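Asker: One structure coming up, written as structure tokens, with questions to follow.
A short reminder: the numbers here are calculations on the coordinates, not readings from a lab. Keep in mind the model is a prediction, meaning the values are calculated, not measured. For neighbour counting, all protein chains shown are included, and Cβ atoms are generated from backbone atoms with ideal geometry for every residue, glycine included.
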Amino acid sequence: MPDPKRIRIRGGRVIDPAQRLDAVLDVCLAEKRIVALGESPDFEAEEEIDALGLIVCPGLVDLRVHLREPGQEHKGTIASETAAAAAGGVTTLCVPPDTVPVIDTPAVAELIKVRADQSDRAWVLILGALTRGLAGEHISGMAALAKAGCVGVSNGLRPVQNTLILRRAMEYAANFGLTVFLHPQDPWLSAGGFVHEGLVSTRLGLPGIPVASETVAVARALVLAEQDGVRIHFTLLSAARSVEMIAEAQARGLPVTADVAMHQLHLTELDLLGFNAQCHVSPPLRSTYDRDYLRIGCSSGVVSAICSDHQPHEPSAKLAPFCETAPGISGLETLLPLGLRLVQDGILDIHTLIARLTWQPAQILGQPYGTLRVGSRADVCIFDPNRDWIVNSAQFVSRGHNTPFDGWRLKGRVLHTLMEGKQVFSLER
Amino acid sequence: MTELPLRSANLQIDAKGHLRHLLSIEGLNRAILTEILDTAESFSSVPAQSVKKVPLLRGKTVANLFFEASTRTRATFELAAKRLSADVLTINVPTSSAVKGESLLDTLRNLEAMHIDLFVVRHAESGAAHFIASQVSPHVSVINGGDGRHAHPTQALLDMFTIRRHKRNFSNLCVAIVGDVMHSRVARSQIHALNLLGVGEIRVVAPRTLLPSHIKELGVRVFTQLAEGLRDVDVVMMLRLQKERMESAMLPSGLEFFQVYGLTPEKLALAKPDAIVMHPGPINRGVEMSSEVADGLQSVILQQVTHGIAVRMAIMSLCLGSRAVPSEM
């Protein structure tokens, strides 16, 4: 690809929570960096992007995206899904280690990096396996994984059953400055379950996963983190009580952070009525109370990042009786518009939303992305906050068309995505 | 999701308010339930005729698609279809079909290619019948013969038919449903049917480990002690306890279950003197109830089986749109 041009993004409302910036400014990009904000008469642009009436923010940072490669290329590839990321305004994404094979050796991490470089649509950051093969029995070779560029470690959706191994893995990860990403779920309390244990599971006769499945695991990890002074990040919270427990831990100064998937802020167990397999997700959609409390957690900052939890599937993965369908939503292309819906509904203000999608997830990863500060990498998302559109999964860039939001009327759409100053996505206006 | 029409909410009822599929009792109304029971009443004399058949479904093909073992449900569906003069195909899809890798959808597509008019489906997964109904062509009907823990609407309807034969008026009744409510599709369908028919009081009686979390919100009173739950009831509906539940995290043993929740003549004496005892079968004697009760004067268990044929005839004929009651009856 030729060197990116010198670009002036003219007249947009620039929102960058990292520097508490919200103003109508020009943004100037050159040599892969942000070189100036505001009037810069000396900057000679080769190209201009007219951003009048648009919002210019840092490229989104998504903590949880399944690219499906290696191992499940019938669902998605690094090329197809990083293109979907670009279409969603996401310039940096983080992949969990539950690929096939698992990311527990530098070789798999290298393979993903090479493919991501070839695709060149988004920055791909890698979470290595916390335990070998994600089996929860042996600590993975984290020194090698860190050396190969992994930014954190995780056991994917598979809980580490043995508390001692979890403790040692967390301590060991701390040696290498690797953030531990935990998906809190008690393996026994969740065994055999598919949906929130509540009114809807009772009515539909679907095996339930109680809230305690999550809170027991949150409690266990918090106790270990406090005792051993290690940092943990809880990913994909689903329950109100978890937010309360994490808020209390944060108030006592524990280095604990949390994220939530965007769909958890919109959907509840009630959306499962009629056995809607598009709403089959893990962790499950919970009660309206839980959904509302997660929103409060996002607003207050206890939950400091919102991710897409992007999980593309082939159509047949959702065409079966509910419990036989695969969990997950193809979420990259609805991430920002669904976030904007929260702003329109008065649940989050626009600065908070953008912070939860840019600077704060980058902070969780300990990476210097998610800001438009002069000198930063020129990763930019430009969107029209007023553009009406109707979600049509058939038009998704992602190979996965699985979404419960099909047919939703949303307001706000990504128009341009720039990665290191080059346009990796541009929507016809 | 306010934006989307509730896709499956009215899958069962067509634009004119007629029954198209029977997937669950939830979503139906009292008028449809009453229509089914009345139609069944008109069919109940068919077996007494010298020719045990009516020509209502002549030329129609019914496929009984059983992904889970069943004796009485399958047999009564088959008899019901035959007595309506339909051609009947009974297919027991062994669990090995999943091993072979054929999906439920592929199995369905293949059968649809054989021009089936009505599928009766039993499947181990909750929602299987809904899924099939969402996939079939517009002229095909689906009857749920039991899906996972979700629903068994034909069983509930034959139970209502049986209660109506004995009690006539639903509104004054007190009904107790006893046993493994958690895993029971029968119980869920019974609760909805009893509520729709306006039963005065519905009780469920079970240990906490066998009660689903939000059962109260289905409109029942919850009892964990059998003696309290049975006091002065008009109808006792026992549930089957699957063998694999008898020794698990939920129960210490079948024997202990019987000692605490098993129906014996002494416990039945707490109910009203004219109370009837029901069970969807097959009975585990000495677990859910003693033989004295199962074979006793208050037991209507075998009548339930007989009524199952007429009720299933009614449902099949209504689903396929043959609402006219034949004149020779």
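Asker: Which value, in debye to the nearest 20, gives the size of the charge dipole of the stretch A:172-260 about its Cα centre, when Lys and Arg are +1 and Asp and Glu are -1 at the Cβ?
Answerer: That gives the stretch A:172-260 a dipole magnitude of about 60 debye.
Asker: Still on this structure, I have one more. For the protein assembly as shown, give the share of DSSP beta bridges that are antiparallel, in percent and rounded to the nearest 5; count only bridges with both residues there.
Answerer: Here the antiparallel bridges make up roughly 30 percent for the protein assembly as shown.
Asker: Could you point to the residue in A:Gln395, A:Leu357, A:Pro368 farthest towards the positive end of the stretch A:334-418's charge dipole, with +1 and -1 charges on the Cβ of Lys/Arg and Asp/Glu respectively?
Answerer: Result: A:Pro368, furthest along the dipole toward the positive end.
Asker: At what distance in nm do the modelled label points of B:Ala75 and B:Thr90 sit from each other, each positioned 7 Å from its Cα along Cα→Cβ?
Answerer: Roughly 0.8 nm, to one decimal.
Asker: Something else now. Using the Cα centre of the stretch B:153-305 as the reference point, and only Cβ charges (+1 on K/R, -1 on D/E), how large is the resulting charge dipole? Debye, rounded to the nearest 20.
Answerer: Using Cβ point charges on Lys, Arg, Asp and Glu, the stretch B:153-305 gives about 400 debye.
Asker: I would also like to ask the following. Given the Cα-Cα distance of A:Glu39 and A:Gln19 and 0.36 nm per residue of separation, how much length would full extension add, in nm?
Answerer: Stretched fully, the A:Glu39-A:Gln19 segment lengthens by 5.4 nm.
Asker: Using only C-alpha atoms and all pairs of different ones, pull out the Kirkwood radius for the stretch B:166-219 in Å with one decimal.
Answerer: Every distinct Cα pair counted, the radius reaches 11.5 Å.
Asker: Just want the answer: with Cβ charges of +1 for Lys and Arg and -1 for Asp and Glu, which residue in A:Pro207, A:Cys57, A:Val230 is farthest toward the dipole's positive end in the protein assembly as shown?
Answerer: The Cα lying farthest towards the positive end belongs to A:Pro207.
Asker: Here is a follow-up. Go ahead and run the numbers for FRET between B:Ser291 and A:Asp228, Cβ-Cβ distance against an R0 of 60 Å, rounding to 0.05.
Answerer: With a Förster radius of 60 Å, E is 0.45.
Asker: Next question, about the same structure. Once you order the gyration tensor axes a ≥ b ≥ c over the Cα atoms, which shape class does chain A get: rounded for a/c under 1.5, otherwise prolate or oblate by comparing a/b with b/c?
Answerer: prolate
Asker: Then there's this: Calculated from DSSP H runs of 4 or more alone, at -39500 (n - 2.57) each and per residue, what is the 222 nm mean residue ellipticity of the protein assembly as shown, nearest 500?
Answerer: Estimated from H runs of four or more residues: -9000 deg cm²/dmol.
Asker: At a Förster distance of 60 Å, what's the computed FRET efficiency of A:Glu47 paired with B:Asp106, Cβ-Cβ distance as r, to 0.05?
Answerer: E(calc), rounded to 0.05, equals 0.70.
Asker: OK, next. Report the calculated FRET efficiency for A:Glu244 and A:Thr288 (r = Cβ-Cβ distance, R0 = 22 Å), to the nearest 0.05.
Answerer: Taking R0 as 22 Å, the efficiency between A:Glu244 and A:Thr288 is 0.85.
Asker: Count the net charge of all other residues whose Cβ sits under 13 Å from the Cβ of A:Gly370, scoring Lys and Arg as +1 and Asp and Glu as -1.
Answerer: With Lys, Arg at +1 and Asp, Glu at -1, the neighbours total 0.
Asker: Summarise the partner chain shielding of B:125-135 as one whole number: the mean count of Cβ atoms from other chains within 10 Å of each residue's Cβ.
Answerer: Taking the mean over all residues of the peptide, I get 6.
Asker: Taking square-rooted eigenvalues a ≥ b ≥ c of the alpha carbon gyration tensor, is the protein assembly as shown rounded, prolate or oblate, where a/c under 1.5 means rounded and, failing that, a/b exceeding b/c means prolate?
Answerer: prolate
Asker: About the Cα centre of chain A, how large is the charge dipole given +1 on each Lys and Arg Cβ and -1 on each Asp and Glu Cβ? Please answer in debye to the nearest 20.
Answerer: So the magnitude is around 320 debye.
Asker: To the nearest 10 degrees, how steep is helix A:163-175 against the longest Cα principal axis of chain A, on a 0 to 90 scale?
Answerer: The answer is roughly 30 degrees.
Asker: Name the lysines eligible as straight-distance cross-link partners of A:Lys147: C-alpha to C-alpha under 22 Å, and not fewer than 8 places from it in the same chain.
Answerer: Candidates past the 8-residue exclusion: A:Lys113.
Asker: Another question about this same structure. Under 1.5 on a/c is rounded, so check that first for the stretch B:125-240, then, if it is not, pick prolate when a/b is larger than b/c and oblate when it is not; a ≥ b ≥ c are the square roots of the alpha carbon gyration tensor eigenvalues.
Answerer: Taking the square roots of the gyration eigenvalues as a ≥ b ≥ c, the stretch B:125-240 is oblate.
Asker: Hey, could you get me the Stokes-Einstein D for the stretch A:23-151, Kirkwood radius over alpha-carbon pairs, 25 °C and 0.890 mPa s, rounded to whole µm² s⁻¹?
Answerer: Taking Rh from Cα pairs, D becomes 147 µm²/s.
Asker: Identify all lysines with a Cα-Cα distance to B:Lys53 below 23 Å; exclude those on the same chain that are fewer than 8 residues away in sequence.
Answerer: Answer for B:Lys53, where 23 Å is the Cα cut-off: B:Lys82, listed by chain and number.
Asker: Return one number: the angle in degrees, 0 to 90 and rounded to the nearest 10, between the long axis of the Cα atoms of helix B:301-319 and the longest principal axis of the Cα atoms of chain B.
Answerer: Once rounded, the angle reads 30 degrees.
Asker: With everything on Cα atoms, drop me the angle between helix A:288-300 and the longest principal axis of chain A, reported from 0 to 90° to the nearest 10.
Answerer: 50 degrees
Asker: When we measure straight from the Cα of A:Lys32, which aspartates and glutamates land under 13 angstrom away, once same-chain ones fewer than 8 places off are left out?
Answerer: Excluding near neighbours in sequence, the set is A:Asp3, A:Asp379, A:Glu420.
Asker: Label B:Glu247 and B:Ser137 with points 7 Å out from Cα along Cα→Cβ: what is the distance between them in nm?
Answerer: If labels sit at B:Glu247 and B:Ser137, their model points lie 5.1 nm apart.
Asker: Here's something else I'd like to know. Sorting A:Trp359, A:Trp389 on the 10 Å Cβ count, fewest up front, what's the list?
Answerer: Exposure proxy ranking, most exposed first: A:Trp389, A:Trp359.
Asker: Running a GNM on chain A with Cα contacts under 10 Å, which residue among A:Asp384, A:Asp98, A:Asp228 ends up with the highest mean-square fluctuation?
Answerer: With Cα springs under 10 Å in chain A, the top fluctuation among A:Asp384, A:Asp98, A:Asp228 is at A:Asp228.
Asker: Okay, moving on. Go through B:Lys60/B:Lys167; A:Lys318/B:Lys60; B:Lys216/B:Lys267; B:Lys216/B:Lys272 and tell me which ones have a Cα-Cα distance over 26 Å in this structure.
Answerer: B:Lys60/B:Lys167; A:Lys318/B:Lys60
Asker: Provide a whole-number value for the mean count of partner chain Cβ atoms within 10 Å of the Cβ atoms in peptide B:210-218.
Answerer: That works out to 4 on average.
Asker: Ok, one more. Take every residue in peptide A:272-280, count the Cβ atoms of other chains within 10 Å of its Cβ, and give the average of those counts.
Answerer: 5
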